[in-house]
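Q: Following this message is one structure expressed as structure tokens.
All of the numbers you see were taken from the coordinates with simple rules; none came from a lab. Given the structure is predicted, the values throughout are model-derived calculations rather than measurements. Cβ sites come from the backbone with ideal geometry, for glycine too, and all protein chains shown count toward neighbours.
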Amino acid sequence: MVRRSDLDHIARAAEAFGLRYSCLGSEHMLRQFGAPSTRRDVHLLFETAVENHRAINGIRVVPLAQLVRMKLTAFRIKDQMHLKDMDQAGLITAAIERELFPLHRERLAEVRARG
């Protein structure tokens with residue numbers, strides 16, 4: 001989740017990591033040069049109100065637990081895939097799970113059940 005006003009800075013900074021800013025319709029993302037993949041794209045969401053963020057190199061970053069809750073709330077297909085990737089990487093910890101609302105726990109279980 002980013003501020004629109006930071007988009008140019010983010011796009012320039014991402015190039016050092018082999019990523020290029022792209023906008024397809026309403027989707028804003030960072031994609032790999034030469035080998036774009038929807039699975040590896042970094043989707044950019046524009047902030048509305050972000051609490052408890054921190055800054056890394058001047059870029060505000062949302063805490064992982066808050067990102068997981070946002071993904072479980074939206075629960076679009078792409079959010080479900082992001083959740084699956086985060087879970088397989090071991091990022092969704094027991095501590096994060098304990099803080100989830102019951103509906104969010106059910107949705108996470110649904111994502112996990114799909115393998």
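Q: Which order do peptides 2-9, 55-62 fall in by mean Cβ count within 10 Å, highest first? Show your work: numbers first, answer last.
A: Working: 2-9: 13.1, 55-62: 11.5.
In decreasing order of mean packing, 2-9, 55-62 become 2-9, 55-62.
Q: Compute the helix-to-body angle for 102-113: its Cα long axis versus the longest principal axis of the chain, expressed 0 to 90° and rounded to tens.
A: Once rounded, one gets 80 degrees.
Q: Per-residue HN-Hα couplings for region 84-98, Karplus 6.51 cos²θ - 1.76 cosθ + 1.60 at θ = phi - 60°, whole Hz, x for Gly and Pro?
A: 4, 4, 4, 5, 5, 7, x, 7, 8, 8, 4, 5, 5, 4, 4
Q: Would you pull out the residues with amide H under 5 Å of residue 21's amide H, same chain only if 5 or more places away, H placed 1.01 Å from N?
A: 31
Q: Further question on the same structure: Count charges around residue 108 for me, please; just the other residues with Cβ under 9 Å from its Cβ, Lys/Arg as +1, Asp/Glu as -1.
A: Numbers: positive: 105, 107, 112; negative: 87, 97, 106, 110.
Local charge sum for residue 108: -1.
Q: Using the Cα centre of the chain as origin and beta-carbon charges of +1 (Lys, Arg) and -1 (Asp, Glu), tell me which of 38, 19, 70 is placed farthest towards the positive end of the dipole.
A: Looking along the dipole axis, the top candidate is 38.
Q: Can you match volume of the Cα convex hull per residue in Å³ to one of these, (1) 183; (2) 90; (3) 124, based on a calculation from the structure here?
A: (3)
Q: If you don't mind, another one. Give a residue-ordered list of calculated ³J(HN,Hα) values for region 65-75 (Karplus: 6.51 cos²θ - 1.76 cosθ + 1.60, θ = phi - 60°; whole Hz; x for Gly, Pro).
A: 4, 5, 4, 4, 4, 4, 5, 6, 6, 5, 6
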